[in-house]
Amino acid sequence: MNRKNAFTLIELLVVIAIIAILAAILFPVFSQARDKARQTVDISNQKQILLAILAYTQDYDEMLPLGQVGPVHWDGNINSDAEGDGINDEIDPYIKAGVPWGPERKSSIWADPSDSYQRDDCDGAPGIGVGYDISYGFTRYDPDQPLLGFGVFGYRFESDGSDWSSLTLAGVPKPGSTIIMFPWWNPNNYSRFYATTRYNMGDLLVFPVYPKALSIGDVCGDGYNWLFSIGGHNGISDFGFLDGHVKAMPASRLWNVNPTTGLWNQQPPNMMAWSDQYNTN
């Protein structure tokens with residue numbers, strides 16, 4: 001009698017084990033490849049935004065745009081107006097990202113495809129009335145506090161314009177080594193508000209690189225836990241420079257931190273500082 005061809009139980013188990021081993025090897029590779037593709041999109045986004053900033057300076061006597069234009073006006077008009085104006089509004093004529101209000105949108109060049117945090121305007125639930133997501137922050141300039149505001153963009157919190165303007169291109173000695181834009185992922189960064197920054201720029205490295213995050217809890221009382229991260233792809237973050245180029249590097253290279261406080265140690269080098277006193281790269 002002819003024996004039917006068939007796999008034995010042991011042979012099947014061996015095949016299953018081989019497939020499981022191959023999957024364990026290949027899945028992380030696929031994940032890294034997907035994140036690398038998303039990083040390519042992120043770098044392209046940043047370059048387009050940087051080009052828009054440089055185009056703005058050509059139209060405004062080399063003056064960089066403001067990071068924030070006047071105070072924020074909180075209201076419930078989630079589908080009809082913005083609460084604040086910032087750099088994203090200043091350079092929108094060169095980008096055309098669309099209206100800055102309405103439901104949450106992740107489809108503009110302002111959003112990194114790996115930035116998964118929902119935005120929250122405290123209008124009842126995350127994603128309501130926030131407009132398009134913003135995945136980038138911009139360095140703050142404050143000559144009265146040069147160790148806190150060592151960046152290039154002025155943030156005018158008052159309506160009378162008494163706060164500082166931004167720097168000019170000519171006012172930055174080393175545009176090719178001065179970072180002005182960084183990946184900044186959190187629920188508070190969206191177009192109906194404005195592209196946010198850090199009041200104390202030197203505390204940026206207190207925040208971990210994605211996928212790690214710093215939690216500040218349920219700020220709005222809507223059940224959503226606010227997480228803050230420096231954006232990253234496979235542990236590497238992308239930073240935009242004033243001359244328009246983007247560089248991928250570990251965030252830890254920005255400056256040396258004080259081991260006790262985690263803040264910038266206020267010594268050179270500082271890759272975000274406009275002054276060559278601190279930016280010695």
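Which residues, taken from segment 55-80, are surrounded by 18 or more Cβ atoms within 10 Å (Cβ to Cβ) and out of contact with any Leu (no Cβ under 8 Å at 6 or more places or on another chain)? Residues satisfying the conditions are Pro65, Leu66, Gly67, Gln68, Val69, Ile78.
If you check Pro113, Pro100, Pro65, Pro71 for being over 20 Å from the mean Cα position of the chain (by Cα) and not aromatic (Phe, Trp, Tyr), only one passes: Pro71.
Only residues that are in a helix (DSSP H, G or I), buried (at least 20 other Cβ atoms within 10 Å of the Cβ) and not hydrophobic (A, V, I, L, M, F, W, C) were counted in segment 180-208, giving 1. When every residue of segment 204-223 is checked against the conditions, none turns out to be touching a residue at least 40 places away in the same chain (Cβ under 8 Å), of a type in the set (S, T, N, Q) and over 22 Å from Gly129 (Cα atoms). Checked against the criterion of being within 15 Å of Leu64 (Cβ to Cβ), out of contact with any Gly (no Cβ under 6 Å at 6 or more places or on another chain) and buried (at least 24 other Cβ atoms within 10 Å of the Cβ), segment 138-150 contains one or more residues that satisfy it. Pairs linking a residue in segment 246-260 that is modelled with pLDDT of 95 or more and surrounded by 16 or more Cβ atoms within 10 Å (Cβ to Cβ) to a residue that is among the hydroxyl-bearing types (Ser, Thr, Tyr) and not in a helix (DSSP H, G or I), with Cβ atoms under 6 Å and 6 or more positions apart or on different chains, are Ala251/Ser237. Would you check if there is a residue in segment 27-43 being outside any helix (DSSP H, G or I) and either over 22 Å from Asn225 (Cα atoms) or of a type outside the set (Val, Ile, Thr) (or both)? No - not one qualifying residue is present in segment 27-43.
Of all residues in segment 170-183, those that are in contact (Cβ under 8 Å) with a residue 40 or more places away in the chain have Cβ atoms under 7 Å from Cβ atoms of residues that are assigned to a strand (DSSP E or B) and hydroxyl-bearing (Ser, Thr, Tyr), 6 or more apart or on another chain, in Met181/Tyr136; Phe182/Tyr136; Pro183/Tyr136; Pro183/Ser237. If you take the residues in segment 96-115 that are in contact with a strand residue (DSSP E or B) (Cβ under 8 Å, 6 or more places away or on another chain) and surrounded by fewer than 18 Cβ atoms within 10 Å (Cβ to Cβ), which one is farthest from Asn45 (Cα to Cα)? Filtering first and then ranking leaves Gly98. Being charged (D, E, K, R), under 17 Å from Ser116 (Cβ atoms) and part of a strand (DSSP E or B) is the filter here; which residues of segment 209-249 pass it? Correct list: Asp238 only.
The values are calculated or read from the model by the stated rules, or taken from the named source; none is laboratory data. Just so you know, these numbers come straight off a predicted model, no measurement behind them. Reconstructed Cβ throughout: ideal geometry from the backbone, glycine too, with neighbour counts over all protein chains shown.
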